[in-house]
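Only one structure is covered here, and it is reproduced in the block below.
The values are calculated or read from the model by the stated rules, or taken from the named source; none is laboratory data. What you see is a predicted model, and the numbers here were worked out from it, not measured in a lab. Neighbour counts are summed over all protein chains in view; Cβ atoms, including those assigned to glycine, are modelled from backbone coordinates with ideal geometry.
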Amino acid sequence: MFEQIVRNPDGFTALTHITARQADTLRWTDDQILAMVVKRFFANEPFSGYLQINRDMLDANASYRKNAFYRIFPPTVFKGKKQSPTIRWICNRCADGRGVVTPRDVIDLLIRAKQRQQDIYAAEPDGVSEHVISAAAIQYGFEELSKRKKETYLEAEFPHFWKDITKFSGGKTDYDTAALDALLGKGWKVIVENLMAIGFLSSGKKAGKDVYSIPFLYRHGMNLTQGKA
């Protein structure tokens, strides 16, 4: 919101009076997100008792918190030696174009994963699951989060950018400057700056060229295909 206000073409009078009291953007680490998740799950006494979790140890020991997390979730979402640990995968998928991960999005993903796992259990009550919440349920939770973020964040909060955002729908995940010029038109640089400010795009270098990417958070909701346009 702050970035959108100060980017107004009419400027912002006496902005220094605000920035003098401005705090840095709050950023959550993987460990902080993991700690939040396990504390929320194991606040349920019957559940913590079922998995034999010592709730006092969750506050005292980071290694214990990590072990408790993986009593609920699989070690990785996809199989393979080079796959990221599940907590990294979740944080990576919940990060916007500025690299910001909000606890709200992580909680939303996991709530939907939990609901999906409950549906799986209900459909096959005699089935066996190696983990309380499976990899398939986590993937489902992420897909639903991506759809929701498109509707309730991008479309609802930034209607003035929506016409430009929809131009990316069904396209690629990465764009060079020529592709953005062709997609957005002459004023593409200003448009891209605005989309980066709201976290829809990030910038980087690939093969020595400037490349702008749509983060995982929005890729499923926008129905994107991996690759460069």
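Contact list please: Cβ distance under 8 Å, first residue in the range 90-101 and in contact (Cβ under 8 Å) with a residue 60 or more places away in the chain, second residue outside any loop (DSSP other than H, G, I, E, B) and among the acidic types (Asp, Glu), pairs at least six apart or on different chains.
These pairs meet every condition: 91/30; 94/105.
Among the numbered criteria (1) of a type in the set (D, E, K, R); (2) over 20 Å from residue 198 (Cβ atoms); (3) out of contact with any strand residue (DSSP E or B) (no Cβ under 8 Å at 6 or more places or on another chain), which single criterion is violated by residue 176?
With respect to (1) of a type in the set (D, E, K, R); (2) over 20 Å from residue 198 (Cβ atoms); (3) out of contact with any strand residue (DSSP E or B) (no Cβ under 8 Å at 6 or more places or on another chain), residue 176 is out only on (3).
Could you say which residue among 167, 205, 186 is of a type outside the set (A, V, I, L, M), more than 27 Å from residue 77 (Cα to Cα) and in a loop (DSSP other than H, G, I, E, B)? Full working, then the answer.
Numbers: 167 fails: in a loop (DSSP other than H, G, I, E, B); 205 fails: in a loop (DSSP other than H, G, I, E, B).
Matching residue, one of 167, 205, 186: 186.
Which of the following residues is outside the structural domain of residue 97 (by TED's automatic domain parsing), under 23 Å from the mean Cα position of the chain (by Cα) and crowded, with 19+ Cβ neighbours inside 10 Å: 171, 221? Steps first, please.
Working: 171 fails: crowded, with 19+ Cβ neighbours inside 10 Å.
Of 171, 221, the one residue that is outside the structural domain of residue 97 (by TED's automatic domain parsing), under 23 Å from the mean Cα position of the chain (by Cα) and crowded, with 19+ Cβ neighbours inside 10 Å is 221.
Listed here are the residues, each with its yes/no results for (1) buried (at least 18 other Cβ atoms within 10 Å of the Cβ); (2) not basic (Lys, Arg).
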| position | (1), (2) |
| --- | --- |
| 123 | no, yes |
| 128 | no, yes |
| 140 | yes, yes |
| 144 | yes, yes |
| 149 | yes, no |
| 175 | yes, yes |
| 195 | yes, yes |
| 208 | no, yes |
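Among the numbered criteria (1) crowded, with 16+ Cβ neighbours inside 10 Å; (2) closer than 17 Å to residue 137 by Cβ; (3) among the charged types (D, E, K, R); (4) over 8 Å from the mean Cα position of the chain (by Cα), which one does residue 79 miss?
(1) is the only condition that residue 79 fails.
Table: residues versus (1) surrounded by fewer than 20 Cβ atoms within 10 Å (Cβ to Cβ); (2) among the polar types (S, T, N, Q).
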{"position": "57", "(1), (2)": "yes, no"}
{"position": "71", "(1), (2)": "yes, no"}
{"position": "94", "(1), (2)": "no, no"}
{"position": "109", "(1), (2)": "no, no"}
{"position": "117", "(1), (2)": "no, yes"}
{"position": "133", "(1), (2)": "no, no"}
